[in-house]
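Quick notes on the structure that follows.
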Amino acid sequence: MAIEIEIEQNSSVELSRIGTSETHGEDSPYFAGWKAYDEDPYNESTNPSGVIQMGLAENQVSFDLLEEYLEENCEGEGNYLNSGFRENALFQDYHGLFSFRSAMGSFMEEIRGGRAKFDPNRVVLTAGATAANELLTFILANPGDALLVPTPYYPGFDRDLRWRTGVKIVPIHCDSSNNFQITPKALEEAYNSATEMKIKVRGVLITNPSNPLGATIQRSTIEDILDFVTRKNIHLVSDEIYSGSVFSSDEFTSVAEVLESRGYKNAERVHIVYSLSKDLGLPGFRVGTIYSYNDKVVTTARRMSSFTLISSQTQRFLASMLSNRKFTENYIKMNRDRLKKRYEMIIEGLRTAGIECLEGNADEFEPVVER
């Protein structure tokens, strides 16, 4: 039984700036909702008046497919892991197992319909996309610099991008008149706003497909953003953690596809973030990646990734799973179909209640639009 020990707190003991910083973002309504749910979770039988968690993007619609895979392969996976016990237990290459980096690269190609190629030597492993985004921010910007981020954006970015790095977020203001598309005018206005405040802009960060809009960014818009960052000589970070959750593969364009069509011209300023938390529904495994076209960024990210390592056992297990093409093909198709049906069911229910929503084509989001 746990024992609570009360300790008198001496306020005169000083902490670092991070220890006393208020830029953690966890005082926002987003995290307040999490706290309310943790304290009073809804349960149909035991707590029907409790709080329903609708602020967490957690894909559980295809969990049975993962369980089926484990059931069918558990004996083989167990032998595989046991035979490599010594390799799992001892220090690994901080760059990550090549077998896993190769499997991740292949999986990223597969969910993009084979329209983009990924070199496993450019895959940097991190403990989730949160770590990947923060690590990239550390590499691309200095404290006091800024990243331009389109609105509305994932509330966790206020913590992930700002808290420990000292980097600022300058919003690119988008609105419902054009379904929150990012325009060249909005990009210029955000950049000029930062310049007027004497803040150095280091890059643009987009989420494609969008959290919280549940919609993909059009190819023409990605082209515009690439032209913008090239003209301003800044970076582009494309967070594509929902790329496999688009209802149809053809509806998603990765920045990797655009770069390939341009012969990788000016590619050294582009960096992609990916994770298995959303598409595979494995947030507890803490698996993220940075894919950069910049050699120095790859080298530095690998050095820094020693602070966000993924366990060897996790890497070996997932390398085997992602290398099973029969499983991945079936999972991707079934997961997309189920997400689309779930989306349509929720949209229909909201509209029956007289609530309008933004049209989406990905993710687990249904942004409510006031009329």
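Tabulated results
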{"read-out": "Qualifying residue in segment 120-128 (condition: buried (at least 19 other Cβ atoms within 10 Å of the Cβ), part of a loop (DSSP other than H, G, I, E, B) and on the phi < 0 side of the Ramachandran plot)", "value": "yes"}
{"read-out": "Residue, surrounded by the fewest Cβ atoms within 10 Å (Cβ to Cβ), within segment 163-175, restricted to residues that are closer than 17 Å to N211 by Cβ and not β-branched (V, I, T)", "value": "P171"}
{"read-out": "Residue within segment 274-294 that is buried (at least 24 other Cβ atoms within 10 Å of the Cβ), part of a helix (DSSP H, G or I) and in contact with a Leu (Cβ under 7 Å, 6 or more places away or on another chain) present", "value": "no"}
{"read-out": "Filter result for the condition that a residue is over 26 Å from L65 (Cβ atoms), surrounded by 18 or more Cβ atoms within 10 Å (Cβ to Cβ), in contact (Cβ under 8 Å) with a residue 12 or more places away in the chain and touching a strand residue (DSSP E or B) at 6+ places or on another chain (Cβ under 7 Å), over L213, L226", "value": "L226"}
{"read-out": "Verdict on I234 being β-branched (V, I, T), under 27 Å from F118 (Cβ atoms) and surrounded by 15 or more Cβ atoms within 10 Å (Cβ to Cβ)", "value": "yes"}
{"read-out": "Only one of R269, R286 that is among the basic types (K, R) and either touching an Asp or Glu at 6+ places or on another chain (Cβ under 7 Å) or at positive phi (or both)", "value": "R286"}
{"read-out": "Any hit, segment 193-203, residues being closer than 17 Å to V258 by Cβ and either polar (S, T, N, Q) or crowded, with 23+ Cβ neighbours inside 10 Å (or both)", "value": "yes"}
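Condition check ((1) part of a helix (DSSP H, G or I); (2) surrounded by 14 or more Cβ atoms within 10 Å (Cβ to Cβ); (3) touching a His at 6+ places or on another chain (Cβ under 9 Å); (4) modelled with pLDDT under 75) across all residues:
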position	(1), (2), (3), (4)
L15	no, no, no, no
S49	no, no, no, no
E71	yes, no, no, no
L81	yes, yes, no, yes
A103	yes, yes, no, no
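The values are calculated or read from the model by the stated rules, or taken from the named source; none is laboratory data. Keep in mind it's a predicted model, so treat the numbers as computed, not measured. All Cβ positions, glycine included, derive from the backbone under ideal geometry; neighbour counts span all protein chains shown.
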